[in-house]
Amino acid sequence: MWNGQKVSVIFPTYNEKNSIRAAIEDFQMDSIADEIIVVNNNAANGTSEEVKKTSAREIFETTQGYGAAIQRGFEEATGYYIIVSEPDGTFQGRDIIKLLSYANDFNVVYGSRTLRELIWEGANMCIFLKWGNYAVAKLMEVLFNTISLTDVGCTTRCITRPALKHIQPYFTVNGSFFGPEMMLLSIQSKMKIIQIPINYTKRVGSSSVTGNKILAFFLGLRMIRLILSFRFRTWFQLSKLKQFDRKNI
């Protein structure tokens with residue numbers, strides 16, 4: 001619970017069999033998370049068996065994709081504060097407190113993995129990934145004249161239920177660049193948002209996207225295309241997204 005409100009954590013999972021149990025236990029350590037929902041997105045064999053050893057609730061999403069899994073988690077979550085993260089060992093459960101502390105004043109709190117002091121030894125944040133995420137985030141910041149952004153690809157974030165309900169009907173991305181779409185929708189809606197630095201540690205196993213620089217490069221290009229498309233639509237008033245009531249934290 002946080003401020004008397006229920007807290008949900010969503011873990012989309014595909015290739016995290018060897019880390020998911022430890023991640024669930026880590027995020028439950030401070031007893032803040034009231035429910036942890038694991039979205040099995042055609043995950044590796046043995047994942048369900050690891051989840052059953054915990055108190056997390058497992059659901060299945062057959063549409064392949066990071067975005068599809070998170071959207072299914074949003075549909076299933078029952079908390080007022082909804083946190084999304086990844087069960088691959090790269091994020092720490094204690095950062096829940098950081099996210100929720102800012103959620104007292106903001107509709108959406110986004111995490112950033114690019115602060116040097118919080119990038120742990122062995123974390124998959126080479127110069128290419130760090131400055132690539134930073135550059136695309138700054139492109140978004142400049143084009144939309146929004147808050148300071150330093151990372152466009154960080155999964156970990158917290159959104160309040162009223163804010164989620166407002167942008168949920170506009171989700172279109174099922175793939176790996178769902179995160180930037182969610183950021184753009186919250187920016188366009190004039191929500192109160194903020195991005196804060198969080199810990200980023202060594203991954204258990206390898207990522208199917210960021211573990212390959214070529215795939216990561218093309219993902220970055222798709223993110224840029226998405227950002228430019230959103231900017232074009234707002235310039236020519238093609239977007240029908242309504243403004244959010246910022247008082248509704």
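The values are calculated or read from the model by the stated rules, or taken from the named source; none is laboratory data. Predicted, not measured: the structure shown is a model, and the values here were computed from it. Neighbour counts are summed over all protein chains in view; Cβ atoms, including those assigned to glycine, are modelled from backbone coordinates with ideal geometry.
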Search the stretch 107-136 for residues being aromatic (Phe, Trp, Tyr) and touching a helix residue (DSSP H, G or I) at 6+ places or on another chain (Cβ under 9 Å), and hand back the single one that is modelled with the highest pLDDT. Tyr110
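Would it be correct to say that Ile187 is among the aliphatic types (A, V, I, L, M), within 22 Å of Glu75 (Cα to Cα), touching a Ser or Thr at 6+ places or on another chain (Cβ under 7 Å) and modelled with pLDDT under 90? Steps first, answer last, please.
On the way: among the aliphatic types (A, V, I, L, M): yes; within 22 Å of Glu75 (Cα to Cα): yes; touching a Ser or Thr at 6+ places or on another chain (Cβ under 7 Å): yes; modelled with pLDDT under 90: no.
Answer is no for this residue.
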Determine whether the stretch 114-123 contains at least one residue that is touching a residue at least 60 places away in the same chain (Cβ under 8 Å), among the small types (Gly, Ala, Ser) and assigned to a helix (DSSP H, G or I). no
Which members of the stretch 177-202 meet the condition of being touching a strand residue (DSSP E or B) at 6+ places or on another chain (Cβ under 9 Å), within 21 Å of Asp95 (Cα to Cα) and not in a helix (DSSP H, G or I)? Lys192, Ile193, Ile194, Gln195, Ile196, Pro197, Ile198, Asn199, Tyr200, Thr201
Any residue at all in the stretch 49-56 that is in a loop (DSSP other than H, G, I, E, B) and surrounded by 23 or more Cβ atoms within 10 Å (Cβ to Cβ)? yes
Index of the failed condition, Glu117 passing every other in (1) surrounded by fewer than 20 Cβ atoms within 10 Å (Cβ to Cβ); (2) closer than 24 Å to Gln64 by Cα: (2)
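Name every residue in the stretch 145-166 that is in a loop (DSSP other than H, G, I, E, B) and surrounded by 17 or more Cβ atoms within 10 Å (Cβ to Cβ), in order of residue number. It would help to see each step written out before you state the result.
First, pick out the residues of the stretch 145-166 that are in a loop (DSSP other than H, G, I, E, B): 145-156.
Within the stretch 145-166, Thr146, Leu149, Thr150, Asp151, Val152, Gly153, Cys154, Thr155, Thr156 meet the criteria.
Output the residue which, of all residues in the stretch 192-229 that are over 22 Å from Phe144 (Cβ atoms) and among the hydrophobic types (A, V, I, L, M, F, W, C), is modelled with the lowest pLDDT.
Taking the stretch 192-229 and keeping what is over 22 Å from Phe144 (Cβ atoms), we get 198-218.
Those still in the list that are among the hydrophobic types (A, V, I, L, M, F, W, C) too: 198, 204, 209, 214-218.
Details: Ile198: 98, Val204: 92, Val209: 57, Ile214: 78, Leu215: 78, Ala216: 76, Phe217: 79, Phe218: 78.
Top of the filtered list is Val209.
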Considering only residues that are modelled with pLDDT of 95 or more and charged (D, E, K, R), look in the stretch 20-34 and name the one that is nearest to Pro87 (Cα to Cα). Arg21
Using the structure shown, decide if Val142 is part of a strand (DSSP E or B), of a type outside the set (Lys, Arg) and either within 14 Å of the chain's Cα centre (by Cα) or modelled with pLDDT of 95 or more (or both). no
Inside the stretch 61-101, can you point out the residues that are hydroxyl-bearing (Ser, Thr, Tyr) and touching a Cys at 6+ places or on another chain (Cβ under 8 Å)? Tyr81
Val9 vs. criteria in a strand (DSSP E or B), within 19 Å of the chain's Cα centre (by Cα), free of Cβ contacts under 8 Å to residues at least 60 places away in the same chain and buried (at least 22 other Cβ atoms within 10 Å of the Cβ): no
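For the stretch 57-67, name all the residues that are under 14 Å from Glu35 (Cα atoms) and either charged (D, E, K, R) or in a loop (DSSP other than H, G, I, E, B) (or both).
Here is the first cut: in the stretch 57-67, the ones under 14 Å from Glu35 (Cα atoms) are 57-59.
Within the stretch 57-67, Arg57, Glu58 qualify.
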Residue among Gly79, Gly73 that is in contact (Cβ under 8 Å) with a residue 60 or more places away in the chain, assigned to a helix (DSSP H, G or I) and not polar (S, T, N, Q): Gly73
